[in-house]
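Any read-out appearing in this document is the output of simple, stated calculations on the displayed coordinates, not a laboratory observation. If you're wondering where the values come from, they're calculated on a predicted model, not measured in any experiment. Note that each Cβ is placed from the backbone with ideal geometry, even for glycine, and that neighbours are counted across all protein chains shown.
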Amino acid sequence: MRAMVYEGPGQRRLAEVPDPQITDDADVIVRVDATTICGTDLHILAGDVPAVRPGRVLGHEAVGTVEDLGSAVHTMSPGDRVLVPCISVCGACRYCREGHAGQCMGGGGWVLGHTIDGTQAEFVRVPFADTSTYRLPDGVSDEDALMLADVLPTGYEVGVLKAGVGPGDVVAVVGTGPVGLAAIAGARLFSPGHIIAIDHADLRLDAAKQFGADVVVNNAVSDPLSIVRELTDRLGADVAIEAVGQPDTFELAVNLGRPGARIANIGVHGKPAALHLEDQWIRDITVTTGLVDTFSTPTLLRLVASGQLDAAKFVTHRFGFGDFEEAYEVFSRAADTGAIKVVLNT
Ligand SMILES: NC(=O)c1ccc[n+]([C@@H]2O[C@H](COP(=O)([O-])OP(=O)(O)OC[C@H]3O[C@@H](n4cnc5c(N)ncnc54)[C@H](O)[C@@H]3O)[C@@H](O)[C@H]2O)c1
Ligand SMILES: [Zn+2]
Ligand SMILES: [Zn+2]
């Protein structure tokens, strides 16, 4: 089969690799119908995630069709259309039982496209199929469902829920790539007072407006700190969400918060980022961070199916599987191309 293979920092290749095989009774093999590229894949290619070894098939998001299943899989049959989320759930360990499958100790967690071969391929082996995948209702399209594999739960769980966004809150979102946009869409569900979106790419800020930001700030030309202070009687934001993964944007997110603010880091960081306790210790802030668990997927699936969340808005570009190189080019030059999520159909 064809697959997008990581070959070391800065190097990737659409290569011919062996088809995946069932190696455990709880596995399924899914024929990938639609997959996409994540900001985290760009971090991997930048060398920020050294656990990904050369030769690994990239990708941790897919919608596909069950092709083959292990003898212990009970809840699906060949031909079923399923969502393959970024997190695999062993279902038995302490973390999985507590809804924190991102930290799974039983062989799950973020494994796809990380420590086992991923979804940017014509076929993928998905471990713990019964507890990890979701059968999709007819009313939800492949593209809509694909947004539930990572970006929507990540923005919602690691951003909105961890920060405890509530009615009337002033929410600053630093970085309006797909994950930041998902945080904006998720925050909207809680009737915030104002959402302030900050990015240095104007095309991404245009998207932020469409996703529900009230104010957008290009921090390459304007000072977001003074704009947030102006909007909040000099106090600062109730909530700041970091969705970039750079030291300066993390520091910015912390500085944007008022005393007592909740700061939620979503970004994957490859370099040390400073938390200036010498300034912050007295300000009663709460800083959270984490890997998505995908416990919210059933809720988000219902919100998408009922039209409360518009997942289709994320998809800006579509490619055939043979055009994977071009899809990476377009996604990694999002500031020029306006790409949010690029969808690849096999
Ligand atoms: N914690 C998790 O579980 C989890 C899951 C998925 C993704 N992520 C991470 O979330 C982050 C966002 O993901 P994405 O797919 O939206 O990535 P992305 O690269 O598409 O988006 C990042 C955005 O940040 C903006 N940006 C970059 N530098 C900036 C700066 N100095 N000031 C302002 N804006 C800046 C870019 O213009 C872009 O719009 C990444 O770090 C990704 O690895 C984390
Ligand atoms: Zn991801
Ligand atoms: Zn587990």
- Query: Rg(Cα) of region 31-85 divided by 2.2 N^0.38 Å?
  - Reply: 1.42
- Note on the structure: For K209, counting only lysines whose alpha-carbon sits under 27 Å away and dropping same-chain residues fewer than eight positions off, the answer is K162, K313, K341
- Shape category assigned to region 269-328 from the gyration tensor of Cα positions, a/c cut at 1.5: oblate
- Expressed in nm², what is the orientationally averaged projection area of the convex hull enclosing the Cα positions of region 202-346? 11.0 nm²
- In the chain, what % of DSSP beta bridges are antiparallel (nearest 5)? 50 percent
- When a/c is below 1.5 the answer is rounded, else prolate if a/b is larger than b/c, else oblate, so apply that to region 1-74 with a ≥ b ≥ c taken from the square roots of the Cα gyration tensor eigenvalues. prolate
- Task: Between the alpha-carbon centers of region 155-189 and region 32-91, tell me the distance in whole angstrom.
- Result: 25 Å
- Query: Gaussian network model of the chain, Cα springs within a sub-10 Å range: biggest mean-square fluctuation belongs to which of V126, V165, V49?
  - Reply: V49
- Query: Using alpha-carbon pairs under 8 Å, 6+ residues apart, how would you state the relative contact order of the chain in percent?
  - Reply: 17 percent
- Cα-only radius of gyration and Dmax that characterise region 50-127, units Å: 12.9, 36
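So if I place +1 on the C-beta of Lys and Arg and -1 on the C-beta of Asp and Glu, and nothing else carries charge, what would the dipole magnitude of region 201-289 be about its Cα centre? I want it in debye, nearest 20.
Around 160 debye, computed over region 201-289.
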- Beta carbons within 10 angstrom, averaged per residue: use that to sort the peptides 221-232, 12-23, highest first. 221-232, 12-23
- Task: Kindly rank 194-205, 282-293 from highest to lowest mean number of other beta carbons found within 10 Å of each residue.
- Result: 194-205, 282-293
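From the gyration tensor of the Cα coordinates in region 1-138, what semi-axes in whole Å does the equivalent ellipsoid have, largest first, with each one equal to sqrt(5λ)?
Rounded to whole Å, the semi-axes are 23, 18, 12.
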- Message: When only alpha-carbon atoms are used, what values of Rg and Dmax, in angstrom, describe the chain?
- Response: 19.6, 62
